[in-house]
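A.B. asks: Below is the structure I would like to discuss, written out as structure tokens.
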Amino acid sequence: MIFNFSTNANQTHHSFSDEYLKSIHAKFLNTINRDDIGFFDLTDDLTHVEKAKNLYSKYKTKKHFVQIGIGGSALGPQMLIDALGKNKDCSFTFLDNTDADFLNDELSKINLKDSIFYVVSKSGGTAETMACFAICRQLLVEAGVSESEFNKYFVFSTDPLKSDLRDLANEKGFDTLEIPSNIGGRFSVLTSVGLFPALFAKIDIAKLFNGAQSIKKNILSTNYKENNLLQTAAHLAYLLIEEEQRVDQTILMPYSSKLKSLSHWFVQLWGESLGKFSEEKNKNMGLTPIPAYGATDQHSQMQLFMEGPNDKFLFLIEVKTRNFDFKLDNNIGKDSSNNLNGYTLNQLIEAQLHGTLKALNDRNRNVCHVQIEKNDEYNMGAMILFFESLTALMGHYLFIDPFNQPGVELGKKYAYKFLTQGKL
Ligand code: PA5
């Protein structure tokens with residue numbers, strides 16, 4: 001991964017001293033060394049991968065993989081499957097909502113008896129997930145599967161110690177994988193949450209882990225000028241905190257359809273981790289994440305990014321090489337199509353990214369141009385650990401705890417009251 005920053009000319013490069021960056025780095029190191037924070041070490045120990053592989057060999061002939069989960073229990077796996085999935089013999093469905101029409105559409109596309117249902121919930125009792133689980137159970141019964149056969153269809157992933165799913169698995173003998181207690185949902189893609197479906201999609205987990213491991217050296221480096229994590233966080237923090245024009249929106253825009261779900265994974269990670277009330281500052285903090293992908297969003301949100309309020313920081317992600325390419329040679333015979341003759345589709349998307357980058361620079365927009373060699377497991381692993389680490393680090397600049405989510409609890413309480421009492 002190569003990083004190049006260009007920021008609003010009036011706001012210049014961040015001016016934090018090495019001494020200051022060192023103190024922030026020390027706080028970050030302290031965080032990733034805490035026993036209750038495990039995301040940074042997930043690729044050091046392969047025991048959990050082996051467990052997932054053993055279970056995979058039992059179910060690998062299934063034709064459909066249905067993941068039942070929401071938030072961190074869906075977005076990471078979906079990102080892996082969309083970006084890297086290679087198995088044409090197994091379809092993937094993510095039941096991550098309580099929309100009956102959506103569920104009906106999705107489930108009517110597949111043969112339930114050829115499916116594995118992977119029920120994922122760290123807490124083991126999330127209403128949306130339990131509702132979808134209950135529906136799938138019922139539909140299986142209607143398809144002629146008896147309750148005693150459920151353990152051939154359902155696999156759980158949940159907290160190793162306490163959760164309703166854990167208790168149910170113990171009572172009924174369901175196969176179960178673990179989400180370590182020190183991993184929160186949105187940091188869980190490199191646990192069984194993402195790895196079990198990844199196996200069905202024929203994603204190379206060793207390469208994914210190598211990619212994550214590969215950026216650790218840079219993240220831990222005390223050469224602060226070269227430490228991409230510290231430099232990126234410093235830019236974001238400087239623009240947010242130190243300058244008059246508050247830059248408090250973050251856009252992740254990979255130039256790749258296959259990486260569209262990376263943006264959605266990032267949105268949850270960034271939004272749920274960093275948007276909260278800081279007791280220390282007595283202030284509501286946060287950087288609003290905006291999902292985008294190129295070149296498509298050049299014809300949608302880019303106008304706003306170019307000429308709207310200069311309160312945004314854009315990560316433009318360039319994928320330098322692709323597996324396929326198409327020649328654009330044609331005899332359509334119009335100027336707009338003649339212009340494409342002699343070029344390829346990969347050259348076109350590259351030109352679109354570079355053209356947009358230059359135009360953003362001309363307008364003094366805040367951009368980080370990230371280059372990855374290829375959309376593959378290695379680079380995906382590196383991006384996952386980079387953005388997870390960036391989120392953890394930004395928590396220190398914002399004086400909040402990025403690992404909790406107290407705000408969503410209140411809404412859940414009211415929803416339950418509304419469900420049971422019909423009013424609030
Ligand atoms: O990041 C988080 O912790 C949340 O978004 C959870 O992933 C989400 O609420 C689902 O929770 P659970 O996995 O406990 O069902």
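The values are calculated or read from the model by the stated rules, or taken from the named source; none is laboratory data. None of these values were measured; they are calculated from a predicted model. Neighbour counts run over all protein chains shown; Cβ positions are idealised from the backbone, glycine included. Accessible surface areas use protein heavy atoms only, side chains included; no ligands, DNA or RNA. Shrake-Rupley method; radii C 1.70, N 1.55, O 1.52, S 1.80 Å.
A.B. asks: If you plug each phi of the range 182-197 into the Karplus form 6.51 cos²θ - 1.76 cosθ + 1.60 with θ = phi - 60°, what whole-Hz ³J(HN,Hα) values come out, in order, with x for Gly and Pro?
C.D. replies: So the J values, rounded to whole Hz, are 8, 10, x, x, 6, 10, 9, 4, 8, 9, 3, 3, x, 6, 5, x.
A.B. asks: Here's another thing I want to ask about it. Give the relative contact order (percent, whole number) for the range 39-203; include only Cα pairs under 8 Å separated by 6+ residues.
C.D. replies: 34 percent
A.B. asks: Which FRET efficiency value, to the nearest 0.05, is calculated for Gln371 and Glu307 with the Förster distance at 35 angstrom and r the Cβ-Cβ distance? Show your work: numbers first, answer last.
C.D. replies: Details: r = 26 Å, r/R0 = 0.74.
It comes to 0.85.
A.B. asks: Continuing with the same structure: Give me the 1.4 Å probe accessible area per residue for the range 39-203, excluding ligands and nucleic acids, in Å².
C.D. replies: Averaged over the residues of the range 39-203, the accessible area is 42 Å².
A.B. asks: Taking H as built 1.01 Å from N, whose amide H comes closer than 5 Å to the amide H of Lys374, not counting residues under 5 places away?
C.D. replies: Under 5 Å from the amide H of Lys374 lie the amide H atoms of Lys320, Thr321, each far enough along the sequence or on another chain.
A.B. asks: Related question: If each residue of separation counts as 0.36 nm, what is the full-extension length gain between Asp105 and Lys207 once their alpha-carbon separation is subtracted?
C.D. replies: Gain in length upon complete extension: 33.3 nm.
A.B. asks: Modelling each spin label as a point 7 Å along the Cα-to-Cβ direction, I'd like the Ser15/Tyr343 distance in nm, to one decimal.
C.D. replies: For the pair Ser15/Tyr343, the computed spacing is 4.1 nm.
A.B. asks: Contact order normalised by length for the chain, with contacts defined as Cα pairs under 8 Å and 6 or more residues apart; what percent is it? It would help to have the intermediate numbers written out before the result.
C.D. replies: Details: 715 pairs, mean separation 92.1, N = 424.
Contact order relative to length: 22 percent.
A.B. asks: Counting residues in the range 39-203 as N, plug N into 2.2 N^0.38 Å and put the Cα Rg over that result.
C.D. replies: After normalising by residue count via 2.2 N^0.38 Å, the value is 0.95.
A.B. asks: Still on this structure, I have one more. Which of the aspartates and glutamates could be linked to Lys258 by a straight reach, that is with a Cα gap under 16 Å, when you skip same-chain ones fewer than 8 residues away?
C.D. replies: Lys258 reaches Asp82, Asp297, Glu318, Asp325, Glu350, Glu373, Asp376, Glu377.
A.B. asks: Go through 376-388, 25-37 and give me the packing order, highest mean Cβ count within 10 Å leading. Working shown, then result.
C.D. replies: Details: 376-388: 22.9, 25-37: 14.4.
Ranked from most to least packed, the peptides come out as 376-388, 25-37.
A.B. asks: Pull up all non-local amide H partners of Asp175: gap of 5 or more, or a different chain, and H-to-H distance under 5 Å with H placed in the peptide plane.
C.D. replies: Amide H neighbours of Asp175: Phe156.
A.B. asks: How large is log10 of I(q)/I(0) for the chain at q = 0.06, 0.13 Å⁻¹ when the intensity is taken from the Debye formula with one equal scatterer per alpha-carbon?
C.D. replies: -0.27, -1.20
A.B. asks: May I ask you to work out the translational diffusion coefficient for the range 280-412 at 10 °C, viscosity 1.306 mPa s, via Stokes-Einstein with Rh from the Kirkwood sum over Cα pairs, reported in whole µm²/s?
C.D. replies: It comes out at roughly 87 µm²/s.
A.B. asks: With θ taken as phi - 60° and the coefficients 6.51, -1.76 and 1.60, list the Karplus ³J(HN,Hα) couplings across the range 225-241 in order, rounded to whole Hz; mark glycine and proline as x.
C.D. replies: My calculation for the range 225-241 gives 5, 9, 7, 4, 5, 5, 5, 5, 4, 5, 4, 4, 5, 4, 5, 7, 9 Hz in order.
A.B. asks: Roughly speaking, to the nearest percent, how much of the chain's 1.4 Å accessible area is carbon and sulfur?
C.D. replies: Answer for the chain is 50 percent, counting heavy atoms of protein chains only.
A.B. asks: Between Ala351 and Asn97, what length comes free when the chain is fully extended (0.36 nm per residue of separation minus the Cα-Cα distance, one decimal in nm)?
C.D. replies: Separation in residues times 0.36 nm, less the Cα-Cα distance, equals 87.7 nm.
A.B. asks: Taking the Cα centre of each part, how many Å lie between the range 15-59 and the range 303-361?
C.D. replies: Each part's Cα centre sits 36 Å from the other's.
A.B. asks: I've got another one for you. Counting only Cα, what are the radius of gyration and maximum Cα-Cα distance Dmax of the range 144-264, in Å?
C.D. replies: Just the Cα atoms of the range 144-264 yield Rg and Dmax of 20.6, 65 Å.
A.B. asks: Determine the alpha carbon to alpha carbon distance for each of Lys217/Lys260; Lys109/Lys423; Lys281/Lys417; Lys216/Lys374; Lys207/Lys412; Lys58/Lys260 and list only those over 30 Å.
C.D. replies: On the way: Lys217/Lys260 28 Å; Lys109/Lys423 36 Å; Lys281/Lys417 33 Å; Lys216/Lys374 19 Å; Lys207/Lys412 38 Å; Lys58/Lys260 32 Å.
Those over the limit are Lys109/Lys423; Lys281/Lys417; Lys207/Lys412; Lys58/Lys260.
A.B. asks: How much FRET efficiency would the formula 1/(1 + (r/R0)^6) give for Ser336 and Thr420, where r is the Cβ-Cβ distance and R0 is 56 Å, rounded to 0.05?
C.D. replies: 0.40
A.B. asks: State, to one decimal in nm, how far the label point of Ser300 lies from the label point of Glu409, with both points 7 Å from Cα in the Cβ direction.
C.D. replies: 3.5 nm
A.B. asks: Cα gyration tensor of the range 345-395, axes a ≥ b ≥ c as square roots of the eigenvalues: rounded (a/c below 1.5), prolate (a/b > b/c) or oblate?
C.D. replies: Values: a/c = 5.14, a/b = 1.30, b/c = 3.95.
Note, shape of the range 345-395 comes out oblate.
A.B. asks: What length, rounded to one decimal in nm, is gained on full extension from Leu220 through to Asp167, with 0.36 nm per residue of separation minus their alpha-carbon distance? Before the final figure, lay out the partial values.
C.D. replies: Numbers: separation 53, 0.36 × 53 = 19.08 nm, distance 3.97 nm.
Extra length available between Leu220 and Asp167 comes to 15.1 nm.
A.B. asks: Which of rounded, prolate, oblate describes the range 73-160, given a ≥ b ≥ c as roots of the alpha-carbon gyration tensor eigenvalues and a/c under 1.5 marking rounded, otherwise prolate only if a/b is larger than b/c? Intermediate results must be reported in sequence, preceding the final value.
C.D. replies: Values: a/c = 1.40, a/b = 1.15, b/c = 1.22.
It comes out rounded by the Cα gyration axes.
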